[in-house]
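Here's the structure, in structure tokens; my notes come after.
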Amino acid sequence: MSAACGTPLGLSLLVDYWLAELAPADEERVEAHLLGCASCGYELRSLVNLAGGIRRVTRKGAVRAVVTRAFLERVAADGLRVREYRVAPGGSVQCTVAPEDDLVVARLSAGLEGIGRVDLAICDDSGRERERVRDIPVSGAHGEVVFLPRTASLRAAPAGVDRLKLLAVEQGAERLLAEYIFVHTPSPAGPARG
Amino acid sequence: MICSNVVSSLETDPAESSLADADLARRVTAAAPGEALAAETELYRRLAPRVELYGLRHLRAEQAAADLVQQVLVLTIERLREGRVREPERLASYVLGVCRMVVLDLKRGEGRRKRALERYAADVPMAESSSSPRVDLDRLASCLDRLHERERSVLVLTFYSERSATEVAAELGLSPGNVRVIRHRALGRLRECMSGELSAP
Ligand SMILES: [Zn+2]
């Protein structure tokens, strides 16, 4: 175990350093400290391991998250196979996941300008809500919600219909913004028709 | 080959492990070349993980960082032996300078320094840098699940490929300050969960 540090750099500074957000003089100070301090190096190493873990679970499709178009471009550039389904409000799509797919994304087009809070409700064919993704980050300018479900959950899902609903949550009340229908066929399957 | 003489079997001498970095550096400088093996090994053991982090930060690749560790530490120990490190108490700054120089060379793709290093490498001891424990990925996925949606989005977008708050903010339509706040809170919650301190969001 390394000796304790009298002037620890702190998590925020280490994150800023790791993400190359520091001014050159601050970066130099942090680097000189890190090269002389095992304790702060251990902290940074933990952070780096955590960051690497986030990257690995994301690549495995083990994380459900709202992401962005730019993110999809980055994972594609990394050589991951991404199956995309673009759906318009009120639209329906036939979907599946092939054995070679790394990730599957739903691109739900929607006008979300000026809405304070948006939830994504995942419902069965009868409309019963199974899962709620609360307060998703939406940028109205981009005009769509890019939803990344867990790949393993999709692989395990039987044939059936999912209804995804975008809901505005305002002053305790909900308002349906748009609904999207996903008709799922389990893998292995033929080419997706979506 | 630089790593042909890895001395991973060399045990750390308790006498050396209690010394400060600067004392070890002085010991290497004071001894005849190759006569302060225990001090050199202890210095290598300490500096390797630190230089590796520098390499990961600037080269963003594990193999490149491992190459950097070898090149930087071979050069540093060689210069200590030659008495060219004038202020051993400022060893960290010295190593930082060597790191910068070698990273520049690596980025330029120059093989010149590497060839020069290979001449030295035959008699410089090396120990494997201690590898840190792997993250439990199942637990991590479960802990990520417990975060708020915005927190999870910010962490995934940030750490999938090391994006700054400004970049993530532009993608999500948030302010950079907001992303920094969410990122900090999310990392805190994630670390708590990973260490078993968080039960529910
Ligand atoms: Zn420190």
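Every number in this text was worked out from the coordinates using simple rules, so none of it is lab data. Not measured: the values here are computed from a predicted model. Note that each Cβ is placed from the backbone with ideal geometry, even for glycine, and that neighbours are counted across all protein chains shown.
Largest GNM mean-square fluctuation among A:Ala121, A:Ala157, A:Ala25, using chain A with Cα springs under 10 Å: A:Ala25.
For chain A, what is the calculated [θ] at 222 nm in deg cm²/dmol (nearest 500), taking -39500 (n - 2.57) for each run of four or more DSSP H residues and dividing by its residue count? Kindly include the intermediate steps, with their values, before the conclusion.
Details: 5 runs with 58 residues, N = 194.
After summing the helix terms and dividing by the residues of chain A, the value is -9000 deg cm²/dmol.
Looking only at Cα atoms, what is the convex hull volume of the protein assembly as shown per residue, in Å³?
Values: hull volume 66.3 nm³, N = 395.
It comes to 168 Å³ per residue, whole-number rounded.
Compute the relative contact order of the range A:1-64 as a whole-number percentage, counting only Cα pairs closer than 8 Å that sit 6 or more residues apart in sequence.
Details: 24 pairs, mean separation 25.2, N = 64.
Reported as a whole number, the value is 39 percent.
For chain A, modelled as a GNM whose springs connect Cα atoms under 10 angstrom apart, the maximal fluctuation among A:Arg74, A:Arg107, A:Arg83 occurs at A:Arg74. Put simply, the amide H of A:Asp135, placed in the peptide plane, has neighbours under 5 Å in A:Val118, A:Asp119, A:Leu120, leaving out anything fewer than 5 places away on its chain.
Residue order for A:Asp101, A:Asp124, fewest other beta carbons within 10 angstrom first, comes to A:Asp124, A:Asp101.
Taking 37 °C and 0.692 mPa s as the conditions, I'd like the Stokes-Einstein D for chain A in µm²/s, using the Kirkwood hydrodynamic radius from alpha carbon pairs. The partial results should precede the final answer.
On the way: Rh = 19.4 Å.
In µm²/s, the coefficient is 169.
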